[in-house]
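Beneath this line is the structure, given in structure tokens, with notes to follow.
The values are calculated or read from the model by the stated rules, or taken from the named source; none is laboratory data. Quick caveat: nothing in here was measured; it's all calculated off a predicted structure. Heads up, the Cβs are rebuilt from the backbone with ideal geometry, glycines too, and the neighbour counts pull from every protein chain shown. To get the accessible areas, we keep the full protein, side chains included, count just its heavy atoms, and leave off ligands, DNA and RNA. Shrake-Rupley method; radii C 1.70, N 1.55, O 1.52, S 1.80 Å.
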Amino acid sequence: HVGMKKYKKVIVLGAGFSKALCSSMPLIKDLLENIEEDSLLKNFVSNAKAKLHDYFDVENCASYILSREIFFSDKEDIEFYTLRKEMLKHIYNEMKNCEPDPDKMDIMGKFLCYCYKENILLVTFNYDLFIEKICKNLSECGKFVVKYGINLNEDPYQESAKIDGGDLDEKKIELLKLHGSFNWFSMSKYDNADIGDVISLEQNAINEIFIEDVPFFVPMSNTKQKYFAGNFYKLLWKKMKYYIDNAEELDFIGYGFPKTDFDNLLLFSSYKEKIKNIVISETLEDRETKKRLEKVFSSAKVHTDGAIKYIKQIIK
């Protein structure tokens with residue numbers, strides 16, 4: 001019996017990591033720009049803005065659409081079902097064409113090699129496919145392939161079964177995607193899913209059959225509960241907890257524990273003696289965040305010079 005792998009260190013990547021890699025990555029506050037004209041979503045957002053004036057807030061509006069539970073008529077229930085689907089599709093469309101900036105590829109390749117050599121596990125709240133793309137691009141230290149830490153089903157429409165021996169010189173990088181991924185699709189079509197419902201597709205060949213589907217990911221921090229039903233994410237988070245329990249160190253890159261992520265704040269504060277580095281950027285807001293974080297995570301160094309600078313320092 002081999003038992004599960006243990007990692008020396010776990011690095012958690014937040015939205016600030018992807019933003020640092022891709023300058024065109026939209027922030028939450030930009031998410032409701034460019035909504036498809038004549039869609040239910042466009043009308044809903046325009047009406048909400050007109051009604052609420054300065055009270056209108058992108059994150060709250062998105063959360064409302066994604067998590068509303070009480071409806072006063074069937075018509076409204078159906079409408080919100082459509083709104084939810086349109087909202088997820090919109091988030092996906094806004095983000096799916098984002099690519100890591102070409103000038104960041106090299107340093108990111110080195111970062112992945114560093115994680116591999118130093119026995120570091122990567123965990124992320126992001127759903128983009130940046131790490132997968134960087135692995136595809138990697139040549140200098142052998143072939144890398146991303147493993148998601150759970151056994152996902154393969155595309156059921158694939159003609160020939162892949163023989164899963166993999167290349168001998170293939171190095172595996174484990175990446176736990178706690179909020180889902182743009183190349184995962186749920187076969188059950190519910191907001192939530194069990195482990196048997198989710199398939200993983202090769203990102204460059206998202207099967208024509210799924211081209212119109214919305215991938216399986218958890219949008220926005222304040223609507224998680226709905227999507228976390230079913231055992232899929234529970235298994236993923238459980239695995240992460242096991243790895244952190246057994247690691248010596250825990251670092252965060254591009255994640256500043258926003259107040260809306262109360263559950264993450266509580267969860268990770270119970271590991272505060274392991275948390276050594278938290279990397280955020282250098283806006284005024286981030287400097288305020290730094291003060292808050294230093295009170296909670298007293299043994300951590302909070303860096304406000306952004307993900308790329310920090311990564312350059314550690315891979316030296």
Item to complete: Return the residue satisfying two criteria in turn: it lies in region 282-316 and is part of a helix (DSSP H, G or I), of a type outside the set (S, T, N, Q) and within 23 Å of D106 (Cα to Cα), and of such residues it is modelled with the lowest pLDDT.
Response: G306
Worksheet item: How many residues are closer than 18 Å to K312 by Cβ and modelled with pLDDT under 90 if we restrict to region 107-136?
Response: 0
Practice prompt. Can you give me the number of residues within region 69-83 that are under 24 Å from D213 (Cβ atoms) and either open to solvent by less than 30 Å² (accessible area, probe 1.4 Å) or of a type in the set (A, V, I, L, M) (or both)?
Written response: 3
Worksheet item: How do the helices (runs of 4 or more DSSP H) wholly within region 1-102 filter down when requiring 1 or more residues that are without any contact (Cβ under 8 Å) to a residue 12 or more places away in the chain: which remain?
Response: 40-52, 58-67, 74-96
Discussion item. List the residue pairs whose Cβ atoms are under 6 Å apart, where the first residue sits in region 224-251 and is within 26 Å of G16 (Cβ to Cβ), the second is among the polar types (S, T, N, Q) and modelled with pLDDT of 95 or more, and the two are 6 or more positions apart or on different chains.
Written reply: D251/N277
Discussion item. If I ask for residues that are crowded, with 20+ Cβ neighbours inside 10 Å and more than 15 Å from G306 (Cα to Cα), which ones from region 258-289 would you list?
Written reply: F268, I275
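Each row is one residue, and each column tells you yes or no for (1) at pLDDT 85 or above; (2) buried (at least 16 other Cβ atoms within 10 Å of the Cβ).
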{"position": "S188", "(1), (2)": "no, no"}
{"position": "N192", "(1), (2)": "no, yes"}
{"position": "L201", "(1), (2)": "yes, yes"}
{"position": "I206", "(1), (2)": "no, yes"}
{"position": "I209", "(1), (2)": "no, no"}
{"position": "E212", "(1), (2)": "no, no"}
{"position": "P215", "(1), (2)": "yes, yes"}
{"position": "K224", "(1), (2)": "no, yes"}
{"position": "Y227", "(1), (2)": "no, yes"}
Discussion item. Let me confirm something: among I315, I275, I308, which residue is more than 28 Å from V198 (Cβ to Cβ), touching a Phe, Trp or Tyr at 6+ places or on another chain (Cβ under 7 Å) and in contact (Cβ under 8 Å) with a residue 60 or more places away in the chain?
Written reply: I315
